[in-house]
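Report on the structure given below.
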Amino acid sequence: MTCMIVDDEPLAVKLLETFVGRTSDLELKGSFTDSIEALDVLAREPVDLLFLDIQMPDLNGMELAHAIDTARTRVIFTTAFKDYAFESYEVNALDFLLKPIRYIKFQAAVEKARNYFAMKESANTAATQSSQPSSKEDDFIFLRADGELHQIALARILYVEGMKDYLKFFIEGVRKPIITHMTMTAAEEMLPEAGFMRINRSYIVSLSHIRSIDRNDCVYIGEQIIRVTESYKEQFNQYITKRTSR
C-alpha cells in the first residue's frame, strides 16, 4: 500500500515515518508539513493511505479530507484531540489515532486498511467476472482473522455485526462468527449493494437470507432478529416494496 504523511509537527512526521519504515507492506510516497502542498501532490499522484493531522494552519485536516477522493485515498487521522472523532466519520475516515501514537495502535489501523483493500480487490474481481456465467458461490471475499486470510463466499454470509473496531461475519453453516478488525463503513463499501444492506448502525444483512419481516420492522435471519432503525428505514422499505407481491 502506498501512503503519505501530512502533519505540521516535524516530530510527529518523524515518528510516523519510523512506523511506516517498520511496516513491510507500506511504501511512503511523501511527507508534508504544509497541507496545501500535500493537496497539490495528491491531486496529481493519489496514494492508498493518508496519515493526516487535523489541526493545521491554512488548510486543516478535515478540509483536506473533504477535498480529495476518499474512495481512492483512505484517510487515517492522527490528532491530539479526541473531540474530532465523530466528525472524522463524515469524511469516511478509515481510523482515528490519538497522539501520542503507539506502534501497536498504528499497526491496528494499518490492519484495517489491509482488510479494506483485500475486500475491494475481491469485489472488483467479482465485478469483472460478473458478465460470465457463474454461480453465487464463485463470488467471494477474503477476511483476515487469526493471522490468516479466510475465503468466504458472499452467498453464505448471513449478516455482519459491528462491535467498536471489529466486525463479526456470521456465515451459513458455521457455528462461530469470523471476527475481523474492520469498520462498518469499509464492509458496507466492499459488500455488493445488490445483495447486502445496512439496516441499523450495527448490522448489515444479506437480503437473500431474510426469512421474514414483522410489523415492527424486525428482520428475521436464521435465529437472529434485527430491527430496522429509522435512519435506514426508507431505503429498506423501498427495496422491499419493489419485491412485494400485490
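Values in this text are rule-based calculations from the coordinates and carry no lab data. A quick note: this is a predicted structure, and the numbers were derived from the prediction, not measured. Reconstructed Cβ throughout: ideal geometry from the backbone, glycine too, with neighbour counts over all protein chains shown.
Which angle between 0 and 90 degrees, to the nearest 10, do you get for helix 10-21 versus the longest principal axis of the chain when only C-alpha atoms count? So the helix axis and the longest Cα principal axis differ by about 50 degrees. What do you get for the angle between helix 103-129 and the principal long axis of the chain? Use alpha-carbon atoms, 0 to 90 degrees, nearest ten. The angle comes out at about 50 degrees. Given their separation in residues at 0.36 nm each and the Cα-Cα distance between them, residue 103 and residue 41 gain 19.6 nm when the chain is fully extended. Given the chain, what whole percent of its Cα pairs are spread farther than 24 Å? For the chain, the share of Cα pairs beyond 24 Å comes to 52 percent. Taking a threshold of 22 Å on the Cα-Cα distance, which of the pairs 112/233; 29/112; 99/164; 14/99; 14/105; 105/176 fall above it? The pairs that break the limit, which is 22 Å between Cα atoms, are 112/233; 105/176. The peptide list 195-203, 41-49, 222-230, put in order of mean Cβ contacts within 10 Å with the highest first, becomes 195-203, 41-49, 222-230. If you take all other residues with their beta carbon under 13 Å from the beta carbon of residue 159, and give Lys and Arg +1 and Asp and Glu -1, the sum is +1. What the pair-distance distribution of region 137-242 shows, using all Cα-Cα distances binned every 10 Å from zero, is 14, 51, 30, 5, 0 percent. Residue ranges 58-65, 208-215 sort as 58-65, 208-215 when ordered by packing (mean number of other C-beta atoms within 10 Å per residue, highest first).
Taking the chain as a Gaussian network of alpha-carbon nodes connected by springs under 10 Å, the highest mean-square fluctuation of the residues 68, 54, 104 belongs to 104. Diffusion coefficient of region 197-237 by Stokes-Einstein, Kirkwood radius over Cα pairs, 37 °C, 0.692 mPa s: 325 µm²/s.
Rounded to the nearest 10 degrees, the angle from helix 35-44 to the longest Cα principal axis of the chain is 60 degrees. Both numbers refer to the Cα atoms of region 1-74; Rg and Dmax are 11.3, 33 Å. By other beta-carbon atoms within 10 Å, ranking 168, 14, 82 with the fewest at the front produces 82, 14, 168.
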